[in-house]
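First comes the structure, then the notes that go with it.
The values are calculated or read from the model by the stated rules, or taken from the named source; none is laboratory data. Everything numeric in this text was worked out from a predicted model, so none of it was measured. Please note: Cβ atoms are built from the backbone with ideal geometry, for glycine as well, and neighbour counts cover all protein chains shown. Accessible surface is based on the protein model in full, side chains and every heavy atom, while ligands, DNA and RNA are left aside. Shrake-Rupley method; radii C 1.70, N 1.55, O 1.52, S 1.80 Å.
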Amino acid sequence: MSKVKIIMDRNRIKARVKNAWEESMPELSMQVLKDCNYYCRQDQGGLKKSAKIHSDYQKGQLVWSTEYARKVYFTGTPARDINQNASLMWCKVAKDRHLDEWGEIAQKLFIKGMGK
């Protein structure tokens with residue numbers, strides 16, 4: 001009787017998956033930030049700039065870091081004279097409108113990373 005035996009290196013597979021995901025994270029994070037900032041309140045631009053400065057794209061952590069960020073995220077009425085798309089909870093609005101796109105982008109980037 002003949003046999004075929006396949007031995008998979010699980011550690012190597014895990015490392016490849018981890019690397020592909022880590023390679024895709026910065027580009028995906030930048031797209032998510034761009035989409036969130038599309039709905040972000042804007043007066044002088046400090047709030048949007050703070051996200052570009054304080055976010056960690058490699059880890060997928062987007063941070064709007066101003067003294068007023070939390071307050072204006074949840075309360076008030078966004079002025080729309082500078083940004084007509086401004087809204088409360090701009091990240092939730094972006095997620096509700098772009099989640100499927102983000103999934104497609106993540107999948108493409110992950111597949112690209114797995115091909116390396």
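Compare Lys34, Lys95 by solvent-accessible area with a 1.4 Å probe and give them largest first, with all protein chains kept in place. Let's see the in-between values first.
Details: Lys34 135, Lys95 105 Å².
Solvent-accessible surface, decreasing: Lys34, Lys95.
What's the FRET efficiency of Asp9 with Ile111 using the Cβ-Cβ distance as r and R₀ = 35 Å, to the nearest 0.05?
Numbers: r = 21 Å, r/R0 = 0.59.
Efficiency at R0 = 35 Å is approximately 0.95.
About the Cα centre of the chain, what is the dipole size in debye to 20, counting +1 per Lys and Arg Cβ and -1 per Asp and Glu Cβ, all else neutral? All intermediate terms of the calculation are to be shown ahead of the outcome.
Details: 22 positive and 13 negative charges, 130 e Å.
My answer is approximately 620 debye.
Taking every alpha carbon pair in the chain, what does the distance histogram look like in 10 angstrom bins from 0, in percent?
13, 35, 24, 14, 7, 4, 2, 1
May I ask you to compute the full-extension gain from Lys59 to Lys18, defined as 0.36 nm times their residue separation minus their alpha-carbon distance, rounded to one decimal in nm?
On the way: separation 41, 0.36 × 41 = 14.76 nm, distance 1.24 nm.
Gain on stretching Lys59 to Lys18: 13.5 nm.
Taking all protein chains as present, what is the carbon and sulfur share of the accessible area of the chain, in % to the nearest whole number, probe 1.4 Å? Before the final figure, lay out the partial values.
Details: 4680 of 8820 Å².
Carbon and sulfur together cover 53 percent of it.
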